[in-house]
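Structure first, then comments.
The values are calculated or read from the model by the stated rules, or taken from the named source; none is laboratory data. Fair warning: this is a prediction, and the values are worked out from it, not measured in the lab. So basically every Cβ, Gly included, is an ideal-geometry build from the backbone, and we count neighbours across all protein chains shown.
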Amino acid sequence: MQTTQYISSILQELERTAQKLNNQDAEKLVDGILEAKKVLVAGAGRSGFMVKSFAMRMMHMGLDSYVVGETVTPNLEHNDIFIIGSGSGETKSLISMAEKAKSIGAATVVVTINPTSTLGQMADIVIEIPAQTKSGENSRAQSIQPMGSLFEQSLLLFFDAVILRFMEKKGLDTQTMYGKHANLE
């Protein structure tokens, strides 16, 4: 297969995955963000990059959004929402954060491949992205891509869809969001 043909295959995988997402759970997430005072996000590895991009877009919309672990991230409080992106749902550091969030009383959201994982069982809202696991073993979905690529790409697209829905509900457009865009580039 030629390099550009892989793009078509990847897009087909993303389409199949997107068709399996649960809209009711997605709407719960959008409503949870609307109700929250602050939004904190966390993820590890490439999933962490996807949640960071989500936090940036929320900031562009005027939300108080933060990435756990950054030096300017404030404390999590009971009227906040904590969103975790984790393919496996078993990342130890993220489990510790979720335990702390639950003890504080903040709403906890997990976007994962495995809704029955430790993180999935702890979450108030679980968004299942039916993608291939890193090992590819025991996956409900198979991918031509390596490791967790399908999950990570789907995570980014899902978060962008959440942003669009939030924009729709708040009457925002791209032009208003530019008011929060970095200007020291």
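Closer than 24 Å to Lys170 by Cα, more than 16 Å from the chain's Cα centre (by Cα) and surrounded by 20 or more Cβ atoms within 10 Å (Cβ to Cβ), is that true of Ala55?
no
Within the stretch 101-127, which residues are closer than 25 Å to Pro74 by Cβ, small (Gly, Ala, Ser) and either in contact (Cβ under 8 Å) with a residue 24 or more places away in the chain or surrounded by 22 or more Cβ atoms within 10 Å (Cβ to Cβ) (or both)?
The answer is Ala101, Gly105, Ala106, Ala107, Ala123.
Within the stretch 122-172, take every residue that is among the polar types (S, T, N, Q) and within 13 Å of Ser86 (Cα to Cα) and give me the one that is modelled with the lowest pLDDT.
My answer is Thr133.
Would you mention how many residues in the stretch 90-119 are assigned to a loop (DSSP other than H, G, I, E, B) and among the β-branched types (Val, Ile, Thr)?
Total satisfying the criteria: 3.
Here's a check for you: in the stretch 90-100, which residue that is in contact (Cβ under 8 Å) with a residue 40 or more places away in the chain and either surrounded by 15 or more Cβ atoms within 10 Å (Cβ to Cβ) or aromatic (Phe, Trp, Tyr) (or both) is nearest to Asn114 (Cα to Cα)?
Taking the candidates together, the pick is Thr91.
Answer yes or no: is there a residue in the stretch 145-168 that is in contact with a helix residue (DSSP H, G or I) (Cβ under 7 Å, 6 or more places away or on another chain), among the β-branched types (Val, Ile, Thr) and not in a helix (DSSP H, G or I).
Within the stretch 145-168, none of the residues are in contact with a helix residue (DSSP H, G or I) (Cβ under 7 Å, 6 or more places away or on another chain), among the β-branched types (Val, Ile, Thr) and not in a helix (DSSP H, G or I).
I need the helices (runs of 4 or more DSSP H) fully contained in the stretch 1-89, keeping only those with at least 1 residues that are over 25 Å from Thr116 (Cα atoms) and of a type in the set (Lys, Arg).
Ranges flagged: 45-60.
Please list, ordered by first then second residue, the pairs with beta carbon atoms under 7 Å, 6 or more apart or interchain, first in the stretch 60-77 and without any contact (Cβ under 8 Å) to a residue 60 or more places away in the chain and on the phi < 0 side of the Ramachandran plot, second small (Gly, Ala, Ser) and crowded, with 17+ Cβ neighbours inside 10 Å.
Qualifying pairs under 7 Å: Ser65/Ala55; Tyr66/Ala55; Val67/Ala55; Val68/Ala42; Leu76/Ala101; Leu76/Ala106; Glu77/Ala106.
So, Gly85, is that one modelled with pLDDT of 95 or more, of a type outside the set (A, V, I, L, M, F, W, C) and under 14 Å from the mean Cα position of the chain (by Cα) or not?
Spelling it out, Gly85 is indeed modelled with pLDDT of 95 or more, of a type outside the set (A, V, I, L, M, F, W, C) and under 14 Å from the mean Cα position of the chain (by Cα).
If you go through the stretch 10-45, how many residues are in contact with a strand residue (DSSP E or B) (Cβ under 6 Å, 6 or more places away or on another chain), of a type in the set (Gly, Ala, Ser) and under 15 Å from Phe159 (Cβ atoms)?
3
Only one of Met56, Met97 is under 26 Å from His181 (Cα atoms) and among the aliphatic types (A, V, I, L, M); which?
That would be Met56, the only listed residue that is under 26 Å from His181 (Cα atoms) and among the aliphatic types (A, V, I, L, M).
How about the stretch 35-51: which of its residues are under 24 Å from Gly179 (Cβ atoms) and crowded, with 17+ Cβ neighbours inside 10 Å?
Ala36, Lys38, Val39, Leu40, Val41, Val51
Being at pLDDT below 95 and of a type outside the set (Gly, Ala, Ser) is the filter here, so list the residues in the stretch 36-48 that pass it.
Arg46
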